[in-house]
Amino acid sequence: MSEFRSGFVSFVGRPNVGKSTLTNALVGEKVAITSAKPQTTRRAIRGIANRVSGQLILVDTPGLHRPRTLLGERLNDLVESTLGDVDVIGFCVPANEKIGPGDTFINEQLSKYRKAKLVAIVTKSETVSRDRLAEQLVAVSKLRDFAAVIPVSAVAGEQVSELAELLIGMLPVSHALYPDDISTDETLEQRICELIRESALEGVHDELPHSIAVTIDEMGEREVGDVFDIHANIWVERDSQKGIIIGKGGSRLKNVGSHSRGEIEKLVGKKVFLSLRVKVSADWQRDPKALGRLGF
């Protein structure tokens, strides 16, 4: 029997190439929020995938991009510090989009990280024909000499197990670094904030997704009754954005509350009372003090 392996793997790629969806598929539960909006992931979220052969600690990072704000710079710094410490980097490129300047930029950045083994992962393989997938695999293989190139569909569950075993095989021989009964090292408060932000991202457009942050004032179980109380704030940068989040007659905020409450109830395993307030912190993405208050 082969030796048990354990270590850290990080997925990189342009925003919205399926990194968080792939992390969730490998872990087997939702540990990272997903959205079609860029810059959805804002922290290095660790998902833990346990297999007989080893333990994968998946560090889901923000998408590497050319930053336009102080927040963007901090997110890029977070990615760079994370990538310097992992054992394997999985470069994610979607099957349904031609390789572009963003992919080339990230591929060039990968040369900095000499410690990690590099794997190319062609995501969203279910969205294209076999011929188109084969073309994309060849195109990705030409970017550099990867240790492996593998197609995967996190949505359809195709090649997910194969990818897990491939990645584990590249990790150092080691005992498990986390207990085998946990799926993430995120705190409950962090996970709840992320689920609220995920709901708030739905249906908004342009620059608003970047301007949304969530904090919690207080949360906990009621002394009487099996209910979990949460009092949270959704932060935006301008009064006009506050109006968009709230919606006509409060309709949009109500939808955000009902959707996120359903997800939080799955997480905490009981009924949830969720109170949401929308607050403005002017240009918080560019304000060091405001970034600190909001957890960045």
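The values are calculated or read from the model by the stated rules, or taken from the named source; none is laboratory data. Given the structure is predicted, the values throughout are model-derived calculations rather than measurements. Glycine gets a Cβ as well: all are built from the backbone with ideal geometry, and neighbour counts include every protein chain shown.
Values computed for the structure shown
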read-out	value
Where GLU265 falls short, out of the listed (1) under 20 Å from the mean Cα position of the chain (by Cα); (2) closer than 25 Å to GLY28 by Cα	(1)
Count - residues of region 112-165 that are hydroxyl-bearing (Ser, Thr, Tyr), out of contact with any strand residue (DSSP E or B) (no Cβ under 7 Å at 6 or more places or on another chain) and under 22 Å from ILE57 (Cα atoms)	2
Every residue from region 229-249 that is of a type in the set (D, E, K, R) and farther than 24 Å from GLY269 by Cβ	GLU237, ARG238, ASP239, LYS242, LYS248
Residues (part of a helix (DSSP H, G or I) and either at pLDDT 90 or above or of a type in the set (S, T, N, Q) (or both)) located in region 74-105	ASN76, SER81, THR82, PRO101, ASP103, THR104
Search result, residues across region 241-267 that are surrounded by fewer than 17 Cβ atoms within 10 Å (Cβ to Cβ) and touching a residue at least 60 places away in the same chain (Cβ under 8 Å)	HIS259, LEU267
Residues located in region 148-194, provided they are over 28 Å from VAL256 (Cβ atoms), without any contact (Cβ under 8 Å) to a residue 40 or more places away in the chain and assigned to a loop (DSSP other than H, G, I, E, B)	ALA156, GLN159, PRO179, ASP181
Number of the exception - ARG197 against (1) under 30 Å from ASP85 (Cα atoms); (2) outside any helix (DSSP H, G or I); (3) at pLDDT below 90	(2)
For ILE245: the one exception among (1) closer than 17 Å to GLY220 by Cα; (2) of a type in the set (A, V, I, L, M); (3) not in a strand (DSSP E or B)	(1)
